[in-house]
Each structure stands twice: as C-alpha cells, then as structure tokens.
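In what follows, a single structure is set out as structure tokens and then discussed.
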Amino acid sequence: MIIWINGAFGSGKTTTAKKLHKLLKGSFIYDPEEAGFFIRKNAPKQFTREYADFQDIPLWRETNYKMLKMLAEGYDGTIIVPMTLVNPDYYNEIIVRLLADGVDVQHFILYLDKPTLIKRLKKRAWGFLSKEDFGLTSIDRCINAFDNYITETKILANSKRVSEVVQEIMALCGM
C-alpha cells in the first residue's frame, strides 16, 4: 500500500509521515523531491532553468511513477509519500495511473486554512522568509487545487495534533 500525504507547504506532511513511519513496522518513506534534486544536479543549468518547479519536468513525473510502481509491486511494507501535488494533470500521471495499474494508493490531503499555513511557514523559516518563498507563494494555488481539482479525502488539520492526524489516516486505511 502507498499512503500519499498531500497538502500545501507547511501543512505537516513530512512530520506526519515520520510519525506514521514510526508506528508502522516495515514502512518506508519515499520522497519524490529527491528525483527532482537528482535531475537538477545532473543536467545542464540551461535545461533546468526553465523549470521553476521540478514537477514540471516530465522525467520527474515518470521517474516517480515508475519508482512507486516498482516499490509497490516488490515491497511488502507500506510506502509513505509526503508530497505536495496540485497540478491535476500531474496527479493523473502519477496517482491515477498507479491506481489504474491496480496499486493500492490511499491519498490524503492535510487541509489547513491560509493564515495557519502562513504562520507555520514563517515559524519554519526562522526569520529567513526567503527560505519559504516558494511555499508562501504556492498557498493559494494549493488551496484552489484542493477545493476544486484534487478533492479526495481531506483531513482538516488546523487544530489537530500530529498524533490525531496519524490516527485518522490509520483508521481510514483500516489499520
């Protein structure tokens, strides 16, 4: 099973994934961002410069789809994927395609309001807001996507502790 934890930047995806991983023996955290870092590091700058977001690179989407399919078919444990995915086409290229292939993907959106996300990102930036510029400028795009395009199971996480979010995910997955 793949548990995909989606949400805006600052919504607690990674923290939730780590806590879930501790509770699920034999689970594995797969980070799709690593494929983006690899592509950027190993391609000429003029190739990657045109992509502000490495999700826009078709190879990033194909790599993550193939890696997750391979892991789902060959790994007995739960694969936990903390990753913001808001472009409906990209969602289809990875998650819907995995589902069509018969992969058990449980997709959850950690849904928070804009003021809470801003507060969390500012706290995480330790006073260096430029560090969180991408996340801050993406909030409206993320909320819009979760309200209109990628609307599956939302976990309203504004006032929930991480342990409550994890318990909700586990319950929804039948664990």
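The values are calculated or read from the model by the stated rules, or taken from the named source; none is laboratory data. These numbers were taken from a predicted model, which means no experiment stands behind them. Virtual Cβ from ideal backbone geometry, glycine too; neighbours counted across all protein chains shown.
Scanning segment 1-21 for residues that are in a loop (DSSP other than H, G, I, E, B) and under 20 Å from G77 (Cβ atoms) returns a single hit, M1. Here is the figure for segment 26-51: residues that are in contact (Cβ under 8 Å) with a residue 12 or more places away in the chain, closer than 19 Å to F9 by Cα and assigned to a loop (DSSP other than H, G, I, E, B) total 3. Number of residues in segment 52-78 that are in contact with a Gly (Cβ under 6 Å, 6 or more places away or on another chain) and part of a helix (DSSP H, G or I) equals 2.
The set of residues in segment 93-137 being more than 27 Å from Q167 (Cα to Cα) and at pLDDT 85 or above consists of E93, R97, A100, D101.
Whether any residue in segment 77-86 is of a type outside the set (A, V, I, L, M) and more than 20 Å from E33 (Cβ to Cβ) is what I want to check. Working first, answer last.
Taking segment 77-86 and keeping what is of a type outside the set (A, V, I, L, M), we get 77-78, 82, 84.
This time we only want the ones that are more than 20 Å from E33 (Cβ to Cβ), so: 77.
Checked segment 77-86: at least one residue is of a type outside the set (A, V, I, L, M) and more than 20 Å from E33 (Cβ to Cβ).
Take segment 79-121 and flag every residue that is assigned to a loop (DSSP other than H, G, I, E, B), of a type in the set (D, E, K, R) and closer than 24 Å to S159 by Cβ. Full working, then the answer.
Filtering segment 79-121 down to residues assigned to a loop (DSSP other than H, G, I, E, B) leaves 83-87, 101-104, 112-113.
Those still in the list that are of a type in the set (D, E, K, R) too: 101, 104, 113.
Result: D113, single match.
Look at segment 140-156 and say how many of its residues are under 15 Å from the mean Cα position of the chain (by Cα) and modelled with pLDDT of 90 or more.
The first filter runs over segment 140-156 and keeps only residues under 15 Å from the mean Cα position of the chain (by Cα), leaving 141-143, 145-146, 150-155.
From what is left, the residues that are modelled with pLDDT of 90 or more are 141-143, 145-146, 150, 153-155.
Final tally of qualifying residues: 9.
When we screen I79, I57 for residues that are closer than 21 Å to Y149 by Cβ, surrounded by 15 or more Cβ atoms within 10 Å (Cβ to Cβ) and among the β-branched types (V, I, T), the only hit is I57.
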